[in-house]
Amino acid sequence: MKIGLYFKKDSQSAYSLVQKIYDYLRSERVEVYVEKKLRSLIPEASEFDISRDDIDVIIVVGGDGTVIRVLHELRGRSIPLVTVRMGKRGVLLDVSPIEIKDRLRDLLEERYVIREYDRIYAEIEGVSYPPAINEILVTASVEYLRSRVIRFSVYKDNHPIYYLEGDGVIIATPIGSSAYSLAAGGPLLDRSVRAMVITPLAPIYTWPRPVVIPIESTVNIRLREESFPGEVVIDGYERVSVKPGSNIIVRRYPQPAKIIRFHEDERLYEEIFGRK
């Protein structure tokens, strides 16, 4: 088994834990590699390039943001991830630092399940962009944000849903429904539901409400000719400028994200709403 390590670079606690993971795996005669941008922190390790090298499993140490960064740097490839929590919460995280040695043993002895999570991607004027695990946001260009609204129509499978004026619209996966979409008033989708949620962002009129549609649907967002310019933001990492008259098509990405789980994957509501 070839295992890659990726961690939050500016976190001393993450670095210390990764060093322990590296030492343990090497003691078990496992092929271990550190992502090339981070190799200087563990100079004795071999490196791998996350954007192109084949690897069996990537162990990610950090928070949800670190996991999302890994998924984007994979550029759509579907390599299973072991996610190690370095914070209090995280819907994509599974392993706590205190149990890491036991879970590494489970990994080597194949005592785990791989959960698959739907992703979505945007196609803009014929160009496809990397998939999002959380959401695709269409909003006013940074030049006009906070001072101008954008005007656009939203369609499901070429059938109109609504015409909107406001700050934008969020198209979220079940995982992403617990992030920006939830903060904007969208529903929390159970992970077992294969759907997307369309959440208007600060519409001028009060009647537009979030809409849940099947994951296999095609969403078409048409920026109207009289609108101000906009931006498409993919999981907060990639931004694409769009002009008035542009079409943004959002679909399910054919390759899901794969997360290795050692625990029951039913802690969503505790993670979001907290424990009493």
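The values are calculated or read from the model by the stated rules, or taken from the named source; none is laboratory data. Computed from a predicted model, the values in this text were never measured in an experiment. Neighbour counts run over all protein chains shown; Cβ positions are idealised from the backbone, glycine included.
Summary of computed values
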| read-out | value |
| --- | --- |
| Unmet requirement for residue 160, which otherwise passes all of (1) in contact (Cβ under 8 Å) with a residue 12 or more places away in the chain; (2) closer than 25 Å to residue 226 by Cα | (1) |
| Condition met for residue 92 (among the hydrophobic types (A, V, I, L, M, F, W, C), out of contact with any Lys or Arg (no Cβ under 7 Å at 6 or more places or on another chain) and modelled with pLDDT under 90) | yes |
| Residue list for the stretch 1-28, filter: crowded, with 21+ Cβ neighbours inside 10 Å and under 21 Å from residue 109 (Cα atoms) | 3, 4, 5, 18, 21 |
| Some residue of the stretch 125-139 being more than 22 Å from the chain's Cα centre (by Cα), in the same structural domain as residue 21 (by TED's automatic domain parsing) and either within 20 Å of residue 236 (Cβ to Cβ) or part of a loop (DSSP other than H, G, I, E, B) (or both) | no |
| Of all residues making up the stretch 70-123, the number that are touching a residue at least 60 places away in the same chain (Cβ under 8 Å), of a type in the set (Lys, Arg), surrounded by fewer than 19 Cβ atoms within 10 Å (Cβ to Cβ) and under 27 Å from residue 240 (Cβ atoms) | 1 |
| Matching strands (runs of 3 or more DSSP E) fully within the stretch 142-230 where at least 1 residues are surrounded by 14 or more Cβ atoms within 10 Å (Cβ to Cβ) and either outside the structural domain of residue 131 (by TED's automatic domain parsing) or more than 22 Å from the chain's Cα centre (by Cα) (or both) | 150-156, 159-172, 195-203, 219-223 |
| Residues located in the stretch 59-84, provided they are farther than 12 Å from residue 97 by Cα and touching a Pro at 6+ places or on another chain (Cβ under 7 Å) | 72, 75, 76, 78 |
| The stretch 36-52 residues that are touching a residue at least 40 places away in the same chain (Cβ under 8 Å), paired with ones that are part of a helix (DSSP H, G or I) and basic (Lys, Arg) (beta carbon under 8 Å, 6 or more apart) | 45/39 |
| Only listed residue being closer than 29 Å to residue 238 by Cβ and modelled with pLDDT of 90 or more, chosen from 31, 35, 99 | 35 |
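Residue-by-condition table, conditions (1) among the polar types (S, T, N, Q); (2) out of contact with any Asp or Glu (no Cβ under 8 Å at 6 or more places or on another chain); (3) within 20 Å of residue 218 (Cα to Cα):
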| site | (1), (2), (3) |
| --- | --- |
| 121 | no, yes, yes |
| 134 | yes, no, yes |
| 150 | no, no, no |
| 155 | no, yes, yes |
| 163 | no, yes, yes |
| 173 | yes, no, yes |
